[in-house]
1. Hey, which of these cross-link pairs are over 29 Å Cα-Cα: K89/K148; K89/K153; K94/K140; K58/K148?
2. Does the stretch 1-76 classify as rounded, prolate or oblate by the C-alpha gyration tensor (a ≥ b ≥ c root eigenvalues; a/c under 1.5 gives rounded; else a/b over b/c gives prolate, otherwise oblate)?
3. Determine, for each peptide in 57-64, 117-124, the mean count of other beta carbons within 10 angstrom over its residues, then list the peptides with the highest first.
4. Just from its helices, what would the mean residue ellipticity at 222 nm be for the chain, if runs of 4 or more DSSP H residues each count -39500 (n - 2.57) and the sum is divided by every residue, rounded to the nearest 500 deg cm²/dmol?
5. Multiplying the sequence separation of D4 and E139 by 0.36 nm and subtracting their Cα-Cα distance, what value in nm do you get?
6. Tell me the angle of helix 69-82 to the major Cα principal axis of the chain, expressed in degrees between 0 and 90 and rounded to the nearest ten.
7. With axes computed from alpha carbons, what is the tilt in degrees of helix 2-14 against the longest principal axis of the chain, rounded to the nearest 10 within 0 to 90?
8. So for the chain, considering every pair of alpha-carbon atoms, how many percent are separated by more than 20 Å?
Amino acid sequence: MIYDLLAQIENGVGNKMHHMALFAALTIPDIGGAVDSENGEANGEKYTAWFDSYVAPKYNAWGKQYLTGRDCYLYRCVMLHQGRSHAPKGSYSKTVFLKAKQVNIAYCGAFTVDDGNTLCVDVPRFCHNIVYSAYDWLEKVEDTARFKKNSAKFLELFTLSFEE
């Protein structure tokens with residue numbers, strides 16, 4: 001169930017498994033967008049809409065939107081398919097993913113440097129923001145017929161035992 005995946009992302013952050021947590025967190029808007037749709041399938045538009053609805057407000061600070069669904073979707077694509085962090089078609093010329101918050105910098109989980117050309121993203125905060133946003137989303141949709149229909153297809157992991 002999706003709750004297991006969310007818990008594993010949190011455990012990954014807690015155990016400093018930043019790559020695993022980040023890669024898994026990047027899939028949550030795909031899952032949310034698919035589950036929210038009539039046909040239960042993911043695409044970039046659904047990803048972007050889900051992220052912008054549930055996560056992007058957490059990245060709006062000091063009158064600036066630091067991270068959008070479009071940019072996050074581009075990160076998802078380059079990270080999961082190419083193992084890269086730079087999204088050439090994104091809003092920033094460079095993106096840096098941080099394992100931990102930098103000392104003495106108060107921010108919303110992301111900040112820019114180089115006159116706004118480089119985005120710095122706090123990976124633990126990003127993962128937490130995705131997970132907490134997913135919990136907020138689940139609270140709204142968990143009892144709907146669409147959620148029940150589409151989430152019934154969610155990946156299940158099994159344990160086989162050949163012991164007698």
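1. Pairs exceeding 29 Å: K89/K148; K89/K153; K94/K140.
2. oblate
3. Answer by packing, highest mean first, reads 117-124, 57-64.
4. That comes out to -15000 deg cm²/dmol.
5. 47.0 nm
6. 70 degrees
7. Once rounded, the angle reads 40 degrees.
8. 52 percent
Bear in mind these aren't lab numbers, they're just calculated from the coordinates by the rules spelled out. Predicted model only: the values in this text are computed from it and were never measured. Here Cβ is always computed from backbone atoms with ideal geometry, including for glycine, and neighbour counts include all displayed protein chains.
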